[in-house]
1. Give, as a single signed number, the net charge of other residues whose beta carbon lies under 14 Å from the beta carbon of Arg198, with Lys and Arg counted +1 and Asp and Glu -1.
2. With every atom except the alpha carbons ignored, what do you get for Rg and Dmax of the chain, in angstroms?
3. Less than 13 Å Cβ to Cβ from Val56, Lys/Arg counted +1 and Asp/Glu -1: what total charge do the surrounding residues give?
4. How far is it, in nm, from the label point at Gln319 to the one at Thr137 when both lie 7 Å from their Cα along the line to the Cβ?
5. Evaluate 2.2 N^0.38 Å with N set to the residue count of the range 106-264, then give the Cα radius of gyration divided by it.
6. Restricting things to alpha carbons, tell me how big the range 4-115 is in terms of Rg and Dmax, in Å.
7. Separation between the Thr222 and Arg84 pseudo-spin-labels, each 7 Å from Cα along Cα→Cβ, expressed in nm?
8. What does the charge count near Thr75 come to, summing +1 for each Lys or Arg and -1 for each Asp or Glu among other residues with Cβ under 9 Å from its Cβ?
Amino acid sequence: MAMLAELVDGVIGVDTHRDTLTAAAVTNLGGVLAQTTTSADAAGYQQLLDFADRHVVGRRLWAVEGAGSFGAGLTVALQQCGERVVEAGRPKRPASRSGAKSDALDAVRAAREALSQNRPASPRRRGEREALRALLTTRRCATLARVAGIGQLKALIVGAPEDLRAELRGQPTSRQIAYCASLRERPARSLEHRATVRALRATAQRIQLLQAEADQLQAELTVLVSAVAPWLLEVPGVGPLSAAQVLVSWSHAGRFRSEAAFAALAGTNPIPASSGQVTRYRLNRGGDRQLNRALHTILLVRLRTDPDTRAYMARRTAQGKSRRDAKRCLRRVIARQLFRLLERYDHPGVEILRTA
């Protein structure tokens, strides 16, 4: 496969920040032609296009660092102008403490690292995928805040005055939350008792609000996934949240060179861990952990409801694999199945599922 340097005449590397964009025009041999810094707004995007027209006239490529965050606006503007854009990872910097560091050097490193690859990562799609990502992220934050609130409520109950603690002892968490949310101050009680009641009530009501927010966001995710990829919900073990995460991580057809690359992103590819006469593989703890979590959730659901999955687990354990290794193999199988379905499926009316 040809290296990227053989297919372009130059690369514009861009180091992105909230308010500024620093770009470096680099030849296909890695030589620096020019550098510039602009503002991170529409006027700055046009200045970068003019900069590219002056210094890289022929076949060119943009390597944008942070294409999904600080560089999102620039990436969209470039794609709308028909420019080819790839997502540059965080540039590798010198290991020594005296290694130089500046925005201009980071832009050059981003361009040169893109030239050294034969298939740089393309930016994730916007549109429906970005809508799913926003809802998923917000729901995840609400859920984490709810869990933290429950821990705070439990700690308040443990340290509460004994008469108040006795009213809550032995009750399940859901009943404790409902009870604390309806507590009222008792003027005849001590200051400590009244302050504890206020803290318990405020914490419990916050937990209820966060739960209602998470439920509402999940309902919106269900509607959106049903509109974008209803067929994905028919796959055994795949629910709305898992389907949304798979779509967000996958983004669009053609982004991954193979299903093995998708498995590597999901953290399901086997990592060799052989030693001596023992041949084995271990879990991959890298990759997109949210996607890995979604695949694990699908696996657990299938183990409860799908006879074929249970038969596969029994066959693998009979071959001498531990249940942990068998689950690793199953996650790899699920990643392969989902990737092939995502790549093959063509929904002409939905942007997120169209090929690049």
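The numbers here are math on the coordinates, done by the rules we state, and not lab data. Worth saying up front: this structure is predicted, and the values here are computed from it rather than measured. Don't worry about glycine lacking a Cβ; one is built from the backbone with ideal geometry, like all the others, and counts go over all protein chains shown.
1. On the way: positive: Arg184, Arg186, Arg189, Arg194, Arg201, Arg206; negative: Glu185, Glu192.
Net of charged neighbours comes to +4.
2. Just the Cα atoms of the chain yield Rg and Dmax of 26.1, 83 Å.
3. That sum, taken over residues with Cβ under 13 Å, equals 0.
4. Roughly 4.0 nm, to one decimal.
5. Numbers: Rg = 23.6 Å, N = 159, 2.2 N^0.38 = 15.1 Å.
Here the answer is 1.56, to two decimals.
6. 12.8, 41
7. My value for the distance between the label points is 4.5 nm.
8. On the way: positive: Arg126; negative: Glu87.
Combined, the nearby Lys, Arg, Asp and Glu give 0.
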